[in-house]
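Here the structure comes first, spelled out in structure tokens, and everything after it is commentary.
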Amino acid sequence: MKVTIVDYNSGNISSVINSFKEVAKDKVKIEVTADLNKIKSSDKLVLPGQGSFKSCVDALNNIKGLVDVLDDFATNDKKPLLGICVGLQMFADIGYEESETKGLSWIPGKVSKIDNQNGKYKLPHIGWNQLNILKESKIFKNIENNSHMYFVHSYEFIPEEKSVIIATIDYSSKVVCAVEKDNIFGTQFHPEKSDRLGLKIIENFINL
Amino acid sequence: MLKNRIIPCLDVKNGRVVKGINFIDLKDAGDPVEQAKIYSDGGADEICFLDITASNENRETIYDVVEKTSKKCFVPLTVGGGVRTIEDINKLLNCGADKVSINTAAVQNSTVIVESSKKFGSQCIVVAIDAKKNADKWEIFTHGGRNNTGIDALEFVKKMEDSGAGELLVTSMDRDGTQVGYDIDLMSEISSKVNIPVIASGGVGNLDHLVDGIKLGNASAVLAASIFHYGKHSVKEAKEYLDKKGIPVRI
């Protein structure tokens with residue numbers, strides 16, 4: 001099996017690479033590339049994302065043909081894909097960070113700034129917060145409700161269909177922190193930085 | 001709910017861990033990679049490396065330390081000390097740092113914060129300030145606390161927030177190495193001035209100081225060095241103590 005981490009110049013992905021390699025050991029091949037053919041031939045994809053919604057979408061669009069290949073992988077071939085942080089946010093139709101920017105439209109919804117309630121809540125939301133698991137998911141196998149995960153973000157994904165939400169966190173309101181729609185998974189938190197439980201989620205994804 | 005973070009900090013010189021007492025006297029306390037692993041296994045919410053060899057010829061040693069650590073520790077890793085340019089930041093992130101803390105360069109030229117937060121995202125840009133009480137205000141110092149600038153800390157932090165900093169690491173120079181506790185007034189003043197998280201640093205001597213940093217100083221996270229790495233307290237002990245005092249921590 002081959003799992004590919006899409007390297008589209010979205011910022012720092014070394015932690016994602018390290019964590020997947022740690023979990024995969026020698027059993028699963030972890031590839032890090034933006035090569036379209038290699039992506040197509042992968043069994044699973046990881047779409048990381050750091051920086052702003054706009055900068056990530058722009059970076060995807062800067063690699064000719066990449067968005068089409070990702071679209072095909074996720075929506076036609078329906079092979080498993082995991083979006084992390086802005087990687088998850090880009091599943092939406094539209095994002096409002098920096099300027100109004102179109103997303104990948106895999107899960108209907110928008111990405112807006114978390115309401116800081118006039119300064120009551122610090123932004124970015126940085127640190128460890130507890131999952132409220134709403135639905136069973138294969139990526140949450142052996143993950144207990146209220147487990148801690150590491151977050152760093154100021155924007156939240158607001159899907160139109162609430163049924164895709166598999167976990168939320170409490171910060172200002174119920175912020176969506178994990179989604180699942182068929183073969184598409186996403187975490188707002190960083191499993192690669194969430195200690196043993198984060199690695200467990202990565203293992204669950206690899207084992208899908 | 002969001003938990004308050006405990007961040008052990010390792011001062012690293014020539015690839016080895018040391019701790020400065022008021023920034024000057026140094027003692028050797030071990031291998032940074034092993035130390036970091038002990039901390040993350042013990043429940044540290046983040047690990048911080050401060051490279052104090054920064055401006056010397058042994059600068060490259062920190063990249064090796066960061067690279068090795070990031071393959072063993074799966075909690076966030078912040079690295080600071082001598083970070084001046086976009087290229088320095090890029091190199092540290094590529095080695096596996098998750099955040100980079102910038103001190104002198106941010107004071108000298110705030111465009112490095114504007115540009116780096118645009119390029120890499122605010123989430124990985126921490127502005128570190130060293131502040132010292134001077135009459136009725138706090139003054140910013142640079143170059144590891146050697147040079148005074150005349151800049152008012154409270155004005156400066158606002159500027160850093162506006163420039164794109166994701167977090168502030170605030171060290172009281174009056175307290176650093178003294179073990180008498182954080183400068184609570186400094187922490188709470190800064191915390192109320194900005195909407196980004198503040199990490200309190202400088203002066204921790206016992207576990208109550210950590211409690212005060214959060215409860216009275218309104219810090220989102222507390223950083224400490226010597227109380228952890230001379231074995232005085234473990235991170236686990238610290239977290240259990242905070243939990244007992246009603247502070248939300250990850251246990």
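Proximity of backbone amide H atoms, modeled 1.01 Å from N, is registered between A:Ile158 and A:Lys110, A:Val111, A:Ser112 at under 5 Å, excluding neighbours fewer than 5 places apart on the same chain.
Legend: mean number of C-beta atoms from other chains within 10 angstrom of residue C-beta atoms, peptide B:238-251, equals 1. Across the stretch B:191-199, rounded Karplus estimates of 3J(HN,Hα) from the backbone phi angles (6.51 cos²θ - 1.76 cosθ + 1.60, θ = phi - 60°) give 4, 7, 7, 10, 9, 8, x, 10, 9 Hz, Gly and Pro being marked x. Eigen-decomposition of the gyration tensor built on the alpha-carbon atoms of chain A gives equivalent ellipsoid semi-axes of 24, 20, 15 angstrom, largest listed first.
With all pairs of different C-alpha atoms in the average, the Kirkwood value for the hydrodynamic radius of the protein assembly as shown is 22.1 Å.
Around B:Gly43, what is the net charge, scoring Lys/Arg as +1 and Asp/Glu as -1 over all other residues with Cβ under 9 Å from its Cβ?
0
For the protein assembly as shown, a simple Cβ point-charge model (Lys and Arg +1, Asp and Glu -1, everything else neutral) yields a dipole of about 740 debye relative to the Cα centre. Projection of the Cα convex hull of chain B, averaged over all directions and equal to a quarter of that hull's surface, yields 11.8 nm².
Among the trypsin sites (Lys or Arg not before Pro) within the stretch A:1-90, those in coil by DSSP and having at most 14 neighbouring Cβ atoms inside 10 Å are A:Lys25, A:Lys27, A:Lys64, A:Lys78. Here's how it looks for B:Trp138: its modeled amide H is under 5 Å from those of B:Ala153, B:Leu154, which are all 5 or more places away or on a different chain. Computed with the Debye formula from one identical point scatterer per Cα of the stretch A:31-117, without solvent, the log10 of I(q)/I(0) at q = 0.12, 0.13, 0.15, 0.27 Å⁻¹ comes to -0.34, -0.40, -0.53, -1.55. Taking θ as phi - 60° and the Karplus parameters 6.51, -1.76 and 1.60, the scalar couplings of the stretch B:205-215 work out to x, 8, 5, 5, 5, 5, 4, 4, x, 7, 6 Hz in sequence order, x denoting glycine and proline.
For the stretch B:181-251, chymotrypsin sites (Phe, Trp or Tyr not before Pro) are listed when DSSP marks them as loop and at most 14 other Cβ atoms sit within 10 Å of their Cβ; the list is B:Tyr230. Database note for chain B: Cys without another Cys beta carbon under 4.7 angstrom, B:Cys73, B:Cys95, B:Cys124. Near the amide H of B:Asp174, within less than 5 Å, lie the amide hydrogens of B:Lys133, all on another chain or at least 5 residues away, with H placed in the peptide plane.
Evaluating 6.51 cos²θ - 1.76 cosθ + 1.60 at θ = phi - 60° for every residue in the stretch A:88-94, the Karplus couplings come out as 5, 4, 5, 4, 6, 6, 8 Hz, glycine and proline recorded as x.
Extension gain, A:Lys21-A:Asn146: 0.36 nm per intervening residue step, less the Cα-Cα distance, totals 42.3 nm. Note on the stretch B:121-215: along the principal axes its Cα atoms extend 34, 26, 22 Å, ordered by decreasing extent.
Where a number appears in this text, it was derived from the coordinates with a stated rule and is not lab data. Keep in mind that this is a model prediction, so the values were computed, not measured. Cβ sites come from the backbone with ideal geometry, for glycine too, and all protein chains shown count toward neighbours.
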